[in-house]
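For reference, the structure is listed below as structure tokens.
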Amino acid sequence: FKMAIGTMVMGTGFLMMTGAALQSVDGEKAMLFWLIFAYLLHVLGELSISPVALSFITKLAPAKYASIMMGLYFGATGLGGKLAGMLGELATSSGELEVFTGIFIFCVLFGALLLVFFKKLNALTHGAENINEN
């Protein structure tokens, strides 16, 4: 549940950047509070997502593959940084408004999808602590 809400909160941070993009359409500078609120929401979202994801990986991965799975998780985070750079280039050519709005919509829909599958995901981890101890 916390991961889904965190994803939506992070998406709302991109909604703040959409507001900044709308304000700067005519070459006007956007107000600083758009960026401050975007960072605040991104940090709150990340603080909700990361611990849950790490716990999920630790619970579900077989004990002998736990370190490999954690490495893959952090590798995926690195690939996310590369994707962020590519989206930044896209924002330069396509327009910031379109890119930030698209990321906002994706995050909210993905968070809603996590909410829909919450019970199934939760059932996967039920009793997983006992499995890894053996």
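Only the coordinates and a few stated rules stand behind these numbers; no lab work does. On a predicted model such as this, the values are computed, not experimentally measured, just so you know. Here the Cβ positions follow ideal geometry from the backbone for every residue, glycine too, while neighbour counts run over all protein chains shown.
Can you name the residue in region 51-64 that is of a type outside the set (A, V, I, L, M, F, W, C) and surrounded by 11 or more Cβ atoms within 10 Å (Cβ to Cβ) and is also nearest to G13 (Cα to Cα) among such residues?
We begin by selecting, within region 51-64, every residue of a type outside the set (A, V, I, L, M, F, W, C); these are 51, 55, 58-59, 62, 64.
Among the residues that remain, those that are also surrounded by 11 or more Cβ atoms within 10 Å (Cβ to Cβ) are: 51, 55, 58-59.
Numbers: P51: 19, S55: 24, T58: 28, K59: 30 Å.
For region 51-64, the residue satisfying everything is P51.
For residues that are touching a residue at least 40 places away in the same chain (Cβ under 8 Å) and not in a loop (DSSP other than H, G, I, E, B), scanning just region 21-44, find the one that is farthest from I103 (Cα to Cα).
Filtering region 21-44 for residues that are touching a residue at least 40 places away in the same chain (Cβ under 8 Å) and not in a loop (DSSP other than H, G, I, E, B), the one farthest from I103 (Cα to Cα) comes out as L22.
Considering only region 29-66, how many residues are touching a Phe, Trp or Tyr at 6+ places or on another chain (Cβ under 9 Å) and closer than 19 Å to G19 by Cα?
3
Sort through M10, M16, M31, M86 and tell me the only one that's on the phi < 0 side of the Ramachandran plot and touching a His at 6+ places or on another chain (Cβ under 6 Å).
Numbers: M16 fails: touching a His at 6+ places or on another chain (Cβ under 6 Å); M31 fails: touching a His at 6+ places or on another chain (Cβ under 6 Å); M86 fails: touching a His at 6+ places or on another chain (Cβ under 6 Å).
Sole residue among the options that is on the phi < 0 side of the Ramachandran plot and touching a His at 6+ places or on another chain (Cβ under 6 Å): M10.
If you go through region 104-125, how many residues are over 23 Å from Y39 (Cβ atoms), in a helix (DSSP H, G or I) and of a type in the set (F, W, Y)?
Of the residues in region 104-125, 1 are over 23 Å from Y39 (Cβ atoms), in a helix (DSSP H, G or I) and of a type in the set (F, W, Y).
Inspect region 46-62 for any residue being over 22 Å from N122 (Cα atoms) and either in contact with a Gly (Cβ under 8 Å, 6 or more places away or on another chain) or not aromatic (F, W, Y) (or both) and give the result as yes or no.
Within region 46-62, the subset over 22 Å from N122 (Cα atoms) is none.
No - not one qualifying residue is present in region 46-62.
Does region 7-19 hold any residues that are in contact (Cβ under 8 Å) with a residue 60 or more places away in the chain and either of a type outside the set (S, T, N, Q) or closer than 23 Å to G71 by Cα (or both), and which are they?
T7, M8, M10, G11, F14, L15, M17
Using the structure shown, decide if Y65 is aromatic (F, W, Y) and over 28 Å from K120 (Cα atoms). Don't jump to the end; show me each part of the working.
Details: aromatic (F, W, Y): yes; over 28 Å from K120 (Cα atoms): no.
For Y65, the condition - aromatic (F, W, Y) and over 28 Å from K120 (Cα atoms) - is not met.
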